[in-house]
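Heads up, the thing below is written out as structure tokens.
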Amino acid sequence: MNFGMSDLMPMLPEIFLLAATCAILITDLFISDQRRFLTYLLSLLTLAVCGWLTFSTATGITAYTMHGMFIDDLLSDTLKLFLYITVAVVLVYSRDYLHLRGLFRGEFFVLVLFATLGMMVMISGGNFITLYMGLELLSLSLYALVAMQRESALAVEAAMKYFILGALASGMLLYGMSMVYGATGSLDINHIGLLLQMGVANPTVLVLGLVFIVAGVAFKLGVAPFHMWIPDVYQGAPTAVTLFVGTATKLAAFAFAIRLLAQGLQAFSVDWQQMLAIMAVLSLAIGNVTAIAQTNLKRMLAYSTIAHMGFLLLGILSANVAGYSAALFYVVSYVITGLAAFGMIMLLSRRGFEAENLDDLKGLNQRNPWYAFLMLLVMFSLAGVPPTIGFYAKLAVLQALVSTGHTGLAVVAVVFSLIGAFYYLRVVRLMYFDKAEDTHPITPAFDFKILMGINGLAVLALGIMPQPLMAMCLYAVEQSL
């Protein structure tokens, strides 16, 4: 195979990120612990350059390179730009927390950057092999990140569970891909989609392979009944890692699902719609009902994530441009809200104290009315209360469902959203109506304070004016699928 500059240009952000991460890894070996801040700054600079490269090489025209193994389209560019912003915010939020926990080390930044590279490959994967390579690069980095706090039994246990279940899910996904390859004779997503439309493949083998592929995708999204790892990982991992796992990876998982289901297996949408419907209802039920019983805030947000990913599946289930764009808008809105939620947990944590229980939020309004207001916006958005962005995200998905005749599923989603509102509003009650048990002053760094304010207000501002973001999501999907 001969590759020229025209093949490499769409991959320039990935190539730069790989080279920069390797350079940071080597540079960090010669940096003392007192100067570790340099590694942090280099990581942020790397993400900024990746953002500039992605933006400057974006043409709006779908380009296939490496013989169709890599796709550069408007959807991938949009998701990558959101990904860079998300990872940068994660690093800023995590800095002081990592210092307090003795985890402010080069390994954290290198693993986060390698995981980001894996997500970028997943977002632009045009071939089963490319998608799987990106997925495994992400997964291996996450296993190591979850286990970074080696002296914590909870973290090690969470990492072991995640590793074992992740290996099982990867095996199922690979088995499903091999079945599709056996039925079509191709690993190229677009070619597979064309063959399925022509009806030249064995449908029995394809449906069986589809079951395994959907199971693998469901695990990566964290939807029921493949959700077992999420509560343990969210609670056991350091909060900085939980923040990364709970936000950035959702963008890649969405892209992964869209590439496989909407591009490769769209002709079999009737079959995977049925599976997604079952998993979506299970996720909404298990996530919202089980979250009510939780007293650990991180664990409650874990079950909340399961419910939200069930909502995301409802958007994909619509199997049309409106549904896919609603799902994209939903995942972006969830990531914005999730950043603020886990950022607040790290804000309230201090040396020797982890603010991860619901009681730790008692009387937050007495301690700091501004942060109580921001957390109120976050909880309202997660519950889907107007005028926050979460309300319009849910509304967009419900409209896509109704327009495709899935009115029953829309009703079920609304009912479980009402049930889920209970545990979100419980947090608001604790902050505003209970007496503060913890009276320590909240003193974040200046950049953390500014970014948290922007993050929290974005939840409100994008709810008041959701049209630009919704239009951007719709345009990206229309131009790419």
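The values are calculated or read from the model by the stated rules, or taken from the named source; none is laboratory data. Remember, predicted model here, so these are calculated numbers, not experimental data. Every residue, glycine among them, receives a Cβ derived from its backbone with ideal geometry; neighbour counts consider all protein chains shown. Accessible surface areas use protein heavy atoms only, side chains included; no ligands, DNA or RNA. Shrake-Rupley method; radii C 1.70, N 1.55, O 1.52, S 1.80 Å.
Determine whether the stretch 126-139 contains at least one residue that is at pLDDT below 90 and within 21 Å of the chain's Cα centre (by Cα). Talk me through it step by step, then tell me what you get.
Taking the stretch 126-139 first, the residues at pLDDT below 90 are 126.
Retained after the next criterion (residues that are within 21 Å of the chain's Cα centre (by Cα)): 126.
Yes, the stretch 126-139 has at least one match.
Scan the stretch 401-419 and tell me whether some residue there is open to solvent by 10 Å² or more (accessible area, probe 1.4 Å), in a loop (DSSP other than H, G, I, E, B), touching a residue at least 24 places away in the same chain (Cβ under 8 Å) and β-branched (Val, Ile, Thr).
Yes.
Looking at Ala255, Ala215, which is the one that is surrounded by fewer than 24 Cβ atoms within 10 Å (Cβ to Cβ) and under 23 Å from Gly193 (Cβ atoms)?
Ala215 is the lone residue from the list that is surrounded by fewer than 24 Cβ atoms within 10 Å (Cβ to Cβ) and under 23 Å from Gly193 (Cβ atoms).
Counting just the residues of the stretch 71-86 that are under 17 Å from Ala458 (Cα atoms) and in contact with a Phe, Trp or Tyr (Cβ under 9 Å, 6 or more places away or on another chain), which one comes out surrounded by the fewest Cβ atoms within 10 Å (Cβ to Cβ)?
Among them, the one singled out is Leu81.
Among the residues that make up the stretch 51-69, is at least one of them more than 23 Å from the chain's Cα centre (by Cα) and closer than 22 Å to Lys449 by Cα?
Looking for residues that are more than 23 Å from the chain's Cα centre (by Cα) and closer than 22 Å to Lys449 by Cα, one finds none in the stretch 51-69, hence no.
Surrounded by 14 or more Cβ atoms within 10 Å (Cβ to Cβ) and in contact with a helix residue (DSSP H, G or I) (Cβ under 8 Å, 6 or more places away or on another chain): does that describe Glu478? Talk me through it step by step, then tell me what you get.
Details: surrounded by 14 or more Cβ atoms within 10 Å (Cβ to Cβ): yes; in contact with a helix residue (DSSP H, G or I) (Cβ under 8 Å, 6 or more places away or on another chain): yes.
Yes; evaluated as a whole, the condition is true for this residue.
Are there helices (runs of 4 or more DSSP H) fully within the stretch 303-395 with at least 2 residues that are at pLDDT below 95 and surrounded by 24 or more Cβ atoms within 10 Å (Cβ to Cβ)? List them.
Helices (runs of 4 or more DSSP H) meeting the threshold: 321-348, 369-383.
Picking from Phe226, Phe256, Phe244, which residue would you name as being farther than 23 Å from Gln399 by Cα, under 18 Å from the mean Cα position of the chain (by Cα) and assigned to a loop (DSSP other than H, G, I, E, B)? First the steps, then the outcome.
Numbers: Phe256 fails: assigned to a loop (DSSP other than H, G, I, E, B); Phe244 fails: assigned to a loop (DSSP other than H, G, I, E, B).
On inspection, the qualifying residue turns out to be Phe226.
For the stretch 10-27, which residues satisfy the criterion of being surrounded by fewer than 19 Cβ atoms within 10 Å (Cβ to Cβ), within 23 Å of the chain's Cα centre (by Cα) and in contact (Cβ under 8 Å) with a residue 60 or more places away in the chain?
Leu18
In this structure, is Val427 within 30 Å of Glu354 (Cα to Cα) and in contact (Cβ under 8 Å) with a residue 60 or more places away in the chain?
Working: within 30 Å of Glu354 (Cα to Cα): yes; in contact (Cβ under 8 Å) with a residue 60 or more places away in the chain: yes.
For Val427, the condition - within 30 Å of Glu354 (Cα to Cα) and in contact (Cβ under 8 Å) with a residue 60 or more places away in the chain - is met.
Is one or more of the residues making up the stretch 267-277 touching a Ser or Thr at 6+ places or on another chain (Cβ under 6 Å), of a type in the set (Phe, Trp, Tyr) and open to solvent by 10 Å² or more (accessible area, probe 1.4 Å)?
Checked the stretch 267-277: no residue is touching a Ser or Thr at 6+ places or on another chain (Cβ under 6 Å), of a type in the set (Phe, Trp, Tyr) and open to solvent by 10 Å² or more (accessible area, probe 1.4 Å).
Just checking, which of Leu98, Leu103 is hydrophobic (A, V, I, L, M, F, W, C), more than 28 Å from Leu260 (Cβ to Cβ), modelled with pLDDT under 95 and not in a helix (DSSP H, G or I)?
Leu103
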